[in-house]
Amino acid sequence: MSSSIDDTRLIISDAEEPTGSLVGVKCEDCNVAVFGPAKFCQSCTSDNLIDITFGSLGSLYSYTEVKVPPHGWPGEVPYILAEVALPEGPHVLAELIDIHHGDIQIGMALKLALLPVEYGTTGSTKIVYKWRPAQPSELS
Ligand SMILES: [Zn+2]
């Protein structure tokens with residue numbers, strides 16, 4: 001059974017599909033949301049934080065082409081690293097897939113894509129999160 005690459009950032013609801021959601025915390029005092037774990041609000045330093053689940057849509061804020069990947073990178077090189085703004089506020093860095101360079105536009109709608117990836121030589125599989133262009137039918 002595949003598991004999340006990082007269960008403080010991605011909760012898997014169905015490992016077969018796979019489906020799941022990005023998660024983080026939200027400050028109950030100032031409403032600022034953060035992707036991933038936090039002990040204190042990055043905006044007001046309150047520790048009055050609640051766990052939240054993000055939706056699966058975002059918009060492209062910025063991107064770059066990565067020619068020299070991090071050590072152990074299991075994917076193709078070069079690849080597009082996208083900074084994606086979630087409607088709830090936080091930005092998420094992940095690979096942008098299923099798109100040609102010429103079609104990339106800042107502000108375009110993106111959909112979370114969960115993919116099983118084999119790691120290392122042990123044959124273990126982890127589910128990673130990436131972004132792909134959203135289909136019109138997904139924008140509701
Ligand atoms: Zn706060």
>> Given an 8 Å cut-off on Cα distances and at least 6 residues of separation, report the relative contact order of the range 56-113 as a percent.
In response: 43
> How large is Rg/Rh for the range 81-140, to two decimals, with Cα atoms and a Kirkwood Rh?
Replying inline: 1.03
> Rounded to the nearest 20 Debye, what is the dipole magnitude of the chain about its Cα centre when Lys and Arg each give +1 and Asp and Glu each give -1 at the C-beta?
Replying inline: 220
> Which distance in nm do the two modelled labels at Asp29 and Glu16 give, with both placed 7 Å along the Cα-to-Cβ direction?
Replying inline: 4.6
>> Compute the distance from the alpha-carbon center of the range 57-116 to that of the range 1-33, in whole Å.
In response: 17
>> With a cut-off of 8 Å between alpha carbons and a minimum separation of six or more residues, what is the relative contact order of the chain in percent?
In response: 21
> Dividing the convex hull volume of the alpha carbon atoms of the range 29-103 by its residue count, what do you get in Å³ per residue?
Replying inline: 129
> Just the Cα atoms of the chain: what Rg and Dmax do they give in Å?
Replying inline: 15.7, 46
> What lysines sit close enough to Lys67 to cross-link, taking a C-alpha to C-alpha distance under 16 Å and skipping anything fewer than 8 places away on the same chain?
Replying inline: none
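Coordinate-derived values only; no laboratory data. Just so you know, these numbers come straight off a predicted model, no measurement behind them. Ideal geometry is used to build each Cβ from the backbone, glycine not excepted, and the neighbour counts take in all protein chains shown.
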